[in-house]
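One structure is given below, encoded as structure tokens.
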Amino acid sequence: MRAAPTILHLDMDAFYASVEQASKPSLRGKAVIVGGLGPRGVVATASYEARRFGVHSAMPMGQARRLCPNGAYLIPRFSLYRQVSDVVMAMLRELSPLVEPLSLDEAFVDLEAGGVAFDSRSARETGERLRADIRAATGLSGSVGLAGSKMLAKVASEEAKPAGLLLIEPGTERELLAPMSVRTLPGVGPATGEHLRRAGITTVGELAEAGEDELVRMVGRSAGAGLYRMALGLDDRPVVAERDAKSVSVEDTFDVDLHDRVRIRGEVQRLADRCVQRLRGSGHSGRTIVLKVRRYDFSTLTRSETLRGPTDDPAVVREAVARLLEGVDTTGGVRLLGVGVSGLADYTQEDLFAQSLAAEPDGADGSDGADGTDGADGTDRTDGAGGEAVAAGAAEAVAEEAQEAQEAQEAAGPPGEQEPAPERRWTAGSDVRHAVYGPGWVQGSGVGRVTVRFEQPGSEPGRVRTFRVDDPELEPSDPLPLVGDGPDPEDTPTP
């Protein structure tokens with residue numbers, strides 16, 4: 001714990017949905033839900049307008065549609081979100097060399113390490129200036145928490161939402177935390193919260209009053225001691241600028257269970273290639289190949305194979321997962337497939353052919369059971385960012401997988417057909433450009449027609465027009481930046 005509130009936690013407000021509202025003027029002030037749009041899609045982010053209907057992150061999309069039938073349901077546009085995130089993270093790194101990102105829209109900053117704050121006054125000024133700078137650069141709002149520890153800074157930013165700033169003065173921690181729910185504390189999920197509730201503990205103050213010995217008896221030594229320290233507001237974790245990844249994985253949840261063994265093998269091979277792309281993108285190679293299969297009854301099987309040395313060769317990974325798949329019973333259908341690589345290194349084994357032949361399956365004992373390392377949400381993620389980062393990014397990762405799967409299926413078209421060409425598909429929320437009307441976005445499509453609203457960041461709400469799905473003047477487009485560097489309105493055709 002520090003004597004001054006010089007640890008800052010920034011959390012952008014309803015980030016994905018806010019980006020969509022900023023880039024689509026007609027959606028400002030309206031309920032916006034971003035996520036996978038298929039039958040098994042989940043909500044990545046909901047705007048505050050949608051949250052009033054009870055919609056929240058990680059909720060099944062079907063349930064969200066029932067709660068908020070008139071909301072705008074959009075696919076996530078991660079290329080744009082990353083662009084905006086890069087702008088925000090660059091601003092944080094100007095404040096301090098110690099910036100610890102937790103996700104695209106969330107990070108800790110050590111203000112003292114950057115020499116920009118040493119007491120409450122300077123910390124508050126820095127936080128307010130940061131919020132104003134983010135608004136000017138992106139048009140978006142962020143909530144800021146300032147405290148003497150990471151845990152308290154995160155609690156403060158949550159209490160400051162939306163678009164606020166809360167500074168917790170040293171010495172006031174226990175008074176502030178006492179009336180809050182135990183679920184406020186990091187690591188206290190639904191199961192632990194319910195266990196504590198049955199014991200008559202619902203607030204952080206009651207947690208502190210219970211004492212360490214009682215908490216250890218209830219939830220175990222490690223968890224009990226940690227809960228007691230958090231209830232007292234104690235947290236000595238430093239802000240860490242770099243995190244070492246432990247594994248890289250990709251997963252797909254299918255709208256309809258797969259039964260065809262040939263199709264399953266093909267999907268596993270495709271996932272292996274995508275996993276290697278991410279592995280190379282992170283600058284790593286890996287030694288252990290992991291296959292994950294979730295069957296029709298939600299039972300989850302994992303198989304792994306450890307190579308003699310690390311690799312980033314797609315052929316080696318494909319061969320490994322093919323061998324692993326041979327030992328998995330897919331009778332009855334498969335709803336999710338995943339491929340991962342762990343045991344990461346920053347170099348590659350040269351003798352790839354030899355290591356492939358010498359590989360020995362770790363899962364040769366045929367043990368089944370629930371996956372103890374991956375959540376039941378079907379996430380696609382790079383691990384190693386800690387529990388906070390995984391929890392914060394789970395829904396976003398699910399939505400990214402849903403988008404990638406949908407795009408891959410659309411690009412592939414109907415299997416085994418060459419003629420006629422597959423009908424062009426347009427997904428709600430995707431960017432387009434028309435030769436006559438300029439940039440816009442897809443509101444919906446069906447029955448051979450696509451509806452497009454022509455508008456762009458900073459413009460007035462635009463006009464809606466409908467076209468044939470194969471209109472040669474309508475093409476997919478890259479997202480436009482939210483602020484600055486966009487096309488000159490005078491150069492854009494008027495709808």
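Quick one: would you say residue 283 is over 25 Å from residue 2 (Cβ atoms), assigned to a helix (DSSP H, G or I) and not charged (D, E, K, R)?
Considered against the rule, which asks whether it is over 25 Å from residue 2 (Cβ atoms), assigned to a helix (DSSP H, G or I) and not charged (D, E, K, R), residue 283 comes out as no.
Of all residues in region 228-278, count the ones that are farther than 30 Å from residue 173 by Cα and open to solvent by 50 Å² or more (accessible area, probe 1.4 Å).
Residues flagged as farther than 30 Å from residue 173 by Cα and open to solvent by 50 Å² or more (accessible area, probe 1.4 Å) within region 228-278 amount to 16.
Condition first: open to solvent by less than 30 Å² (accessible area, probe 1.4 Å) and outside any loop (DSSP other than H, G, I, E, B). Now tell me which residues in region 428-460 satisfy that.
Within region 428-460, 431, 432, 434, 438, 439, 440, 441, 442, 444, 450, 452, 454 qualify.
Need pairs with beta-carbon distance below 8 Å; first residue under 20 Å from residue 18 (Cα atoms) and in contact (Cβ under 8 Å) with a residue 40 or more places away in the chain and within region 83-104, second open to solvent by 50 Å² or more (accessible area, probe 1.4 Å) and part of a helix (DSSP H, G or I); sequence gap 6+ or separate chains.
Close Cβ pairs satisfying both conditions: 91/133; 104/82.
Give me the pairs: first residue in region 279-301 and open to solvent by 10 Å² or more (accessible area, probe 1.4 Å) and hydrophobic (A, V, I, L, M, F, W, C), second residue at pLDDT 85 or above and in a strand (DSSP E or B), beta-carbon distance under 6 Å, and six or more apart or on different chains, which are they?
Pairs found: 290/304; 290/340.
Just to be sure, is residue 277 at pLDDT below 95 and in contact with a Gly (Cβ under 8 Å, 6 or more places away or on another chain)?
no
Against the definition (surrounded by fewer than 24 Cβ atoms within 10 Å (Cβ to Cβ) and farther than 22 Å from residue 40 by Cα), how does residue 329 come out, yes or no?
For residue 329, the condition - surrounded by fewer than 24 Cβ atoms within 10 Å (Cβ to Cβ) and farther than 22 Å from residue 40 by Cα - is met.
In region 178-214, what count of residues is obtained for those that are at pLDDT below 90 and open to solvent by less than 60 Å² (accessible area, probe 1.4 Å)?
7
Across region 39-55, what is the number of residues that are in a loop (DSSP other than H, G, I, E, B), over 27 Å from residue 254 (Cβ atoms) and open to solvent by 40 Å² or more (accessible area, probe 1.4 Å)?
2
Can you tell me which residues in region 252-281 are among the hydrophobic types (A, V, I, L, M, F, W, C) and closer than 15 Å to residue 294 by Cα?
254, 256, 258, 264, 268, 271
Is it fair to say residue 168 is more than 28 Å from residue 112 (Cα to Cα) and open to solvent by less than 20 Å² (accessible area, probe 1.4 Å)?
no
The values are calculated or read from the model by the stated rules, or taken from the named source; none is laboratory data. Computed from a prediction, not measured in an experiment: that's the story for all the values here. Don't worry about glycine lacking a Cβ; one is built from the backbone with ideal geometry, like all the others, and counts go over all protein chains shown. Only protein heavy atoms, including side chains, enter the accessible area calculation; ligands, DNA and RNA are left aside. Shrake-Rupley method; radii C 1.70, N 1.55, O 1.52, S 1.80 Å.
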